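Here is the structure we will look at, set down as structure tokens.
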Amino acid sequence: MTTNTLPTRRVELVLDLICIHSYLGFVRLSRAVERYRDQGGEVQIVFRPFQVAPDAPAEGKPLFDVHREAFGEEQARAIAEDTSFGAEDGIEAHFDKAVHVNTFEAHRLLAAAAEQGRGEQMAERLFRAYLTDGLNIGDADTLRRLAAEAGAEPAEGGAEELRAGLAEIRRAGVTAVPLFLFDTGRTISGAQSEETFSKALQAPAGKD
């Protein structure tokens, strides 16, 4: 008989669902969490909302067009043709299909799924829908379908709570994501390595 000596951990993950670095960081954290759980530990991931493009259209717009307007045709085409992002971590990136969209409704679904104990599954499906499948994650019908695929019920209500959550993150001075807040007191910014996340989960409170 073995005794679990690993403490239960809580990680707050501040992210946006059209942020590719949030996706990469989530994948790496998830693998570190899986290892920790396999060793007998418990980890609670709490999703905190952030919007990198709060003025993005609710109806969506091809990401290629957004990049063309910001960087010019040549750079936009180079980004669209690049499939290397996240490849080593198993992410299949299709920037040429991605739909730039306001993520308010996607965050609302993620919050609802988290309350149902399906937050991690929902986050993964939303990220993949955006970057791999080229789906509009602001579209109501699409979100209902993705919820079902993740084993969650669609969001009902929660808009005011989400606005409050977004405002809280802004007041905290967060300007870039992903951001990982560990209950040990450690904060990790950016899509760091899986090993970095593993060490953060293993570290005692107040230690890196």
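If you scan the stretch 36-52, which residues turn out to be β-branched (Val, Ile, Thr) and either touching a Gly at 6+ places or on another chain (Cβ under 8 Å) or closer than 11 Å to Phe180 by Cβ (or both)?
Passing the criteria: Ile45, Val46.
Examine the stretch 10-27 for a residue that is closer than 18 Å to Val174 by Cα, at pLDDT 95 or above, of a type in the set (Asp, Glu) and not in a loop (DSSP other than H, G, I, E, B), and state whether such a residue exists. Yes, the conditions are met somewhere in the stretch 10-27.
Of the helices (runs of 4 or more DSSP H) lying entirely inside the stretch 137-208, the ones with 1 or more residues being among the polar types (S, T, N, Q) are found at 140-149, 194-202. Taking the stretch 181-194 as the range and being crowded, with 17+ Cβ neighbours inside 10 Å and touching a Leu at 6+ places or on another chain (Cβ under 6 Å) as the test, only Ala191 passes.
Answer yes if at least one residue in the stretch 106-113 is of a type outside the set (Phe, Trp, Tyr) and within 20 Å of Arg28 (Cβ to Cβ), and no otherwise. Scanning the stretch 106-113, I find at least one residue that is of a type outside the set (Phe, Trp, Tyr) and within 20 Å of Arg28 (Cβ to Cβ), so the answer is yes. For the stretch 32-51, check the following and say yes or no: at least one residue is in contact (Cβ under 8 Å) with a residue 12 or more places away in the chain and closer than 18 Å to Asn136 by Cβ. For the stretch 32-51, residues in contact (Cβ under 8 Å) with a residue 12 or more places away in the chain and closer than 18 Å to Asn136 by Cβ: present. Do we find a residue being at pLDDT 95 or above, out of contact with any Gly (no Cβ under 8 Å at 6 or more places or on another chain), exposed (fewer than 13 other Cβ atoms within 10 Å of the Cβ) and not charged (D, E, K, R) anywhere in the stretch 28-35? The answer is no; no qualifying residue exists. Does Asp133 satisfy the condition of being buried (at least 16 other Cβ atoms within 10 Å of the Cβ), over 17 Å from the mean Cα position of the chain (by Cα) and either at negative phi or not charged (D, E, K, R) (or both)? The answer is no for Asp133. Among the residues examined, Thr142 does not qualify as among the β-branched types (Val, Ile, Thr) and without any contact (Cβ under 8 Å) to a residue 12 or more places away in the chain.
Pairing residues of the stretch 174-187 that are among the hydroxyl-bearing types (Ser, Thr, Tyr) with residues that are in a loop (DSSP other than H, G, I, E, B) and at pLDDT below 95, at Cβ distances under 8 Å and at least 6 apart in sequence or on separate chains, gives Thr184/Ala203; Thr184/Pro204; Thr184/Ala205; Thr184/Gly206; Thr184/Lys207. For the stretch 138-174, a residue qualifies if it is of a type in the set (Asp, Glu) and more than 24 Å from Arg128 (Cα to Cα), and the qualifying residues are Glu160, Glu161, Glu168.
Within the stretch 64-86, is even one residue surrounded by 13 or more Cβ atoms within 10 Å (Cβ to Cβ), under 30 Å from Glu153 (Cα atoms) and more than 15 Å from the chain's Cα centre (by Cα)? No, there is no match, as no residue in the stretch 64-86 is surrounded by 13 or more Cβ atoms within 10 Å (Cβ to Cβ), under 30 Å from Glu153 (Cα atoms) and more than 15 Å from the chain's Cα centre (by Cα).
The values are calculated or read from the model by the stated rules, or taken from the named source; none is laboratory data. Since we're looking at a predicted model, the values are computed, not measured. Cβ coordinates were reconstructed from backbone atoms using ideal geometry, including for glycine residues, and neighbour counts include every protein chain displayed.
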